[in-house]
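Below is one structure, written out as structure tokens, with a few remarks after it.
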Number of protein chains: 2
Amino acid sequence: MLKFTLLGTGGMMPLPERGLASAMAAVNGRQLLIDCGEGTQVQIRRFGLGFKAIDGVLITHFHGDHVSGLPGLLLSMGNSGREAPLTLAGPVGLTHVADCLRVIAPELPFEVVYSEIDPDAPAPFACAGLDIAPFPLKHGMPCLGYRLTLPRPGRFLPEQARKNNVPLPLWSVLQKQPEAVLDGVTYTRDMVLGPARRGISVIYATDTRPVPAIAEMARDCDLLVLEAMYGDPEKRERAVKTGHMLMEEAAAVAADAHARRLWLTHYSPAMPDPETWLPLAQAVYPEAALGADGMDVDIGYTANA
Amino acid sequence: MLKFTLLGTGGMMPLPERGLASAMAAVNGRQLLIDCGEGTQVQIRRFGLGFKAIDGVLITHFHGDHVSGLPGLLLSMGNSGREAPLTLAGPVGLTHVADCLRVIAPELPFEVVYSEIDPDAPAPFACAGLDIAPFPLKHGMPCLGYRLTLPRPGRFLPEQARKNNVPLPLWSVLQKQPEAVLDGVTYTRDMVLGPARRGISVIYATDTRPVPAIAEMARDCDLLVLEAMYGDPEKRERAVKTGHMLMEEAAAVAADAHARRLWLTHYSPAMPDPETWLPLAQAVYPEAALGADGMDVDIGYTANA
């Protein structure tokens, strides 16, 4: 089970009823935060998620609305007694930006482990029980989308365990860990399990123009969270110029990817009523839904498509 | 008339229903912001004050809860089309802190004019139609309190104007400007006006231990806004250690100063119900009131005490 929560759905400026775009993924009691604009720590509290279980923070890019809440979050984590290290990942330049912002949070009772990602050669990594695949977006500065995957091991197959001469005491052990040794012999998980099954995958992509990489990463995903800075088709030129998407462009990406769900987010502060434009997106991708602060979903495993 | 609004009344960490301590003074359509913790820009919007009329921002000190909202505020001012210069004043070190935080707001469509104040020799200055007198507080780092005064010129006295041979056409001119020249002769305001009358003064002091300077600056003031991080007298030792005040200590300062109003602010996030402890403060200073987010007052001129 993966729980995904939108903490804020605004772009550029926070509004009293719309926080800056950020989101939380939670798996087995661990949490992963994506983006941290001003006010994110309050949204985390507001929606009852807490700071302690956050193992990592992924930053998409360094525009203020995506990172301005970072020093405050770190301070509050410290004031809450955190001692466990925190992973902070983002595009190259992260160390400089985070160190500057930490002028007001220089000393923390926990370590912040920086992980800079090269948008031209983004390597996957793991955090908070999730496999994370960053990928490059197209914005006014280096910007990353993230695919989060909760992998699902294959089914336990007793006949396979027998065929591979795996001793009976290791049958349950190998369902929980990748390998085990008994009497000097190493046994691996694939000796008792069938092929890996469909996991759960969520793609978060903001800020960006529509680029083929998004649909490629989002193929058959469970949830696709996409920016939709503008709804009015007359804003197309502005969207192109500023590196953002219209709602209907985001919908086209979701349709191309055959995503199971599409949530729109990162609305312009000049768009107080995103619902005005939703029908245009739903005409392209009927399942398109408007994200809202605090909106969440529990995604369970499903059969392969 | 001076309007004073508490934007947030929390210390350390913002809570969903309690923003970080900051405040706005407004006189004749111009505004002066004091402190700018994370979320200040949202509070400004929430209470309908706007960004455009803000001529200056006074920072008390560089703990995160007093300055973490600065880059976001500057970005939003820029995105709102501001072009007028903004004064940013605070203790020595301001330039370094602000420049670091502006890693995410490096280019703005308006100038930020830094004004560093030496807490050991703080010079008064004027901004947003107010006379501002900074004074040193006692906290874990250099920290400034601010007295804001809206001065009130003396009454117009025709007999004095006649006695000083001020030509009739200058009588009204000298009620609006400090001096005027006619036929090569310079006439000054004091030639037509009586002694300056009592103005309006507001003192804002956080974070600090009680120090004599506060009551000295706050003598007979209209409004004294003081931090009250803790209410429970058992927290006295903690208050001393962390450079904060108990509510009853703040009340004693107000009583000493004969302040006309006392508003308490900057509550610990571990104090969800400040009203529990208010009676202890009111026992010392009966007019003590609990500040709350959005609380405001219009202060008019009154006669001398």
*Near A:LYS241, which aspartates and glutamates are there with a Cα under 20 Å away, not counting those fewer than 8 places off in the same chain?*
A:ASP65, A:ASP207, A:GLU227, A:ASP232, A:GLU249, B:GLU107
*Only Cα pairs under 8 Å and at least 6 apart count here; give the relative contact order of chain A as a rounded whole percent.*
18 percent
*In a shell of Cβ-Cβ distance under 12 Å around A:SER201, excluding A:SER201 itself, what net charge do Lys and Arg (+1) and Asp and Glu (-1) give?*
+3
*In a Gaussian network model over chain A where Cα atoms closer than 10 Å are linked, find which of A:GLY69, A:GLY194, A:GLY29 has the largest mean-square fluctuation.*
A:GLY194
*If one puts a single equal scatterer on every Cα of the protein assembly as shown and applies the Debye formula without solvent, what log₁₀ I(q)/I(0) results at q = 0.07, 0.08, 0.10 Å⁻¹?*
-0.53, -0.66, -0.91
*Looking down the axis that turns A into B, which residue of A has the closest beta carbon, and how many Å out?*
A:CYS100, 2
*Extent of chain B along each principal axis, from alpha carbon coordinates, in Å, largest to smallest?*
68, 50, 36
_List the lysines whose Cα sits under 25 Å from the Cα of B:LYS3, skipping any in the same chain fewer than 8 residues away._
B:LYS52, B:LYS176
*Between B:ASP220 and A:ALA84, what is the label-to-label distance in nm when each label sits 7 Å out along the Cα-to-Cβ direction?*
6.0 nm
*Anyone know which of B:LEU137, B:LEU88, B:LEU182 comes out most mobile in the 10 Å Cα GNM of chain B?*
B:LEU182
*asked:* At 222 nm, what value in deg cm²/dmol follows for the protein assembly as shown if DSSP H runs of at least 4 each add -39500 (n - 2.57) and the sum is divided by all its residues, to the nearest 500?
replied: -6000 deg cm²/dmol
*Work through the residues other than A:PHE4 whose Cβ is under 11 Å from its Cβ and net out their charges, Lys, Arg +1 and Asp, Glu -1.*
-1
*Add +1 for every Lys or Arg and -1 for every Asp or Glu among the other residues with Cβ under 14 Å from the Cβ of B:VAL112, and state the total.*
-4
*To the nearest 0.05, how large is the calculated FRET efficiency for A:LYS3 and B:VAL297 if R₀ is 35 Å and r is the Cβ-Cβ distance?*
0.20
*Which of A:ILE203, A:LEU2, A:GLY72, positive extreme of dipole for chain A (C-beta unit charges)*: A:LEU2
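FYI, it's all coordinate maths here, none of it is from the lab. Here the structure is a predicted model, which is why all the values come from computation and not from measurement. Virtual Cβ from ideal backbone geometry, glycine too; neighbours counted across all protein chains shown.
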